[in-house]
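Novice: Can you keep this structure in mind? I'll have questions shortly.
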Amino acid sequence: MAEEFLDIVDSKDNTIGRAPRSHIHNSKLWHRGIHIILLDSDGRVILQNRSPTKDKWSGKYDLSVSGHVNAGEGYDDVARREIYEELGIKGMELKKLIKLRLDYGAHDNMISVVFSGKCDGGFLLDEDETDFLVFMSPEKLRKELSENSHRFARWTREILKWYLGMESQIELIETY
């Protein structure tokens, strides 16, 4: 499988170059990503438990959908592609919430757009990405974030804290 190339961006999200994903993840270069917060009809947040085969944050809770924006792609297109690749869902209405900057881990800096959507099933999980799904009410999620924050991928923890009105380390760039 050919390695993904990602756009390198400056602090204002302007493209300034491109490089292989493996290089970017070990160099502190800023790049782009997307995240989707999915809710079911009961208002529960749908989280994935990352596959044990993932190279980073394996076995941790992640947002329903997360992904990199490949070189030349736009945020909206990537959100639609990723929700299909990870959950098998086509044509879902997604709403842009925010654009943020965050240190995702050692040498991994991203500017990301967070979307939201509603879904009650029909998931076709990509086993390379997702081990299983978890549905948490906002109250349960607040408790888990407070008492078991180590169970969440760093970006998921900080984005969900923002979403729930808790103190978060995200740097908000834009609200939609």
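Novice: Can you tell me which lysines have their Cα less than 21 Å from the Cα of LYS143? Leave out same-chain residues fewer than eight positions away.
Specialist: Cα-Cα hits under 21 Å: LYS60, LYS161.
Novice: For every helix of n ≥ 4 consecutive DSSP H residues, a contribution of -39,500 (n - 2.57) applies; sum these over the chain, divide by its total residues, and give [θ] at 222 nm rounded to the nearest 500 deg cm²/dmol.
Specialist: -6000 deg cm²/dmol
Novice: As a footprinting exposure proxy, order HIS35, HIS23, HIS68, HIS150 by other Cβ within 10 Å, with the fewest listed first.
Specialist: Ranking HIS35, HIS23, HIS68, HIS150 by Cβ neighbours within 10 Å, fewest first, gives HIS150, HIS23, HIS68, HIS35.
Novice: What is the magnitude of the charge dipole of region 104-145 about its Cα centre, with +1 placed on the Cβ of each Lys and Arg, -1 on the Cβ of each Asp and Glu, and no other charges, expressed in debye to the nearest 20?
Specialist: About 420 debye.
Novice: Then there is this: Hey, with R₀ at 30 Å, roughly what FRET efficiency would LYS56 and ILE173 work out to, going by the Cβ-Cβ distance, to 0.05?
Specialist: 0.85
Novice: Also: Under the Karplus relation 6.51 cos²θ - 1.76 cosθ + 1.60, θ = phi - 60°, what is the ordered set of whole-Hz ³J(HN,Hα) values for region 160-170, x standing for Gly and Pro?
Specialist: 5, 4, 4, 4, 8, x, 8, 5, 9, 9, 5
Novice: At GLU4 and SER146, where each label point lies 7 Å from the Cα along Cα→Cβ, what is the point-to-point distance in nanometres?
Specialist: Going from the GLU4 label point to the SER146 one covers 3.5 nm.
Novice: Which residue, chosen from LEU100, ILE83, GLY117, occupies the Cα position most advanced towards the positive end of the dipole of region 1-129, where the dipole is computed from +1 (Lys, Arg) and -1 (Asp, Glu) charges on Cβ about the Cα centre?
Specialist: LEU100
Novice: Can you put LEU97, LEU87 in order, fewest other beta carbons within 10 Å first?
Specialist: LEU97, LEU87
Novice: Give me the Kirkwood hydrodynamic radius of the chain, using the inverse of the mean 1/r over all pairs of distinct Cα atoms, in Å to one decimal.
Specialist: 16.3 Å
Novice: Can you spot the aspartates and glutamates whose alpha carbon is less than 14 Å from LYS118's alpha carbon? Ignore those fewer than 8 places along the same chain.
Specialist: Straight-distance partners of LYS118: ASP40, ASP42, GLU93.
Novice: Report the FRET efficiency, 1/(1 + (r/R0)^6), for ASP131 and ALA106, where r is their Cβ-Cβ distance and R0 is 22 Å, rounded to 0.05.
Specialist: 0.40
Novice: For SER137, SER116, which order do you get if you count the other beta carbons within 10 Å of each Cβ and list the fewest first?
Specialist: SER137, SER116
Coordinate-derived values only; no laboratory data. Please read all numbers here as calculations on a predicted model, not as lab measurements. Using ideal geometry, Cβ is built from the backbone for each residue, glycine included, and neighbour counts are taken over all protein chains shown.
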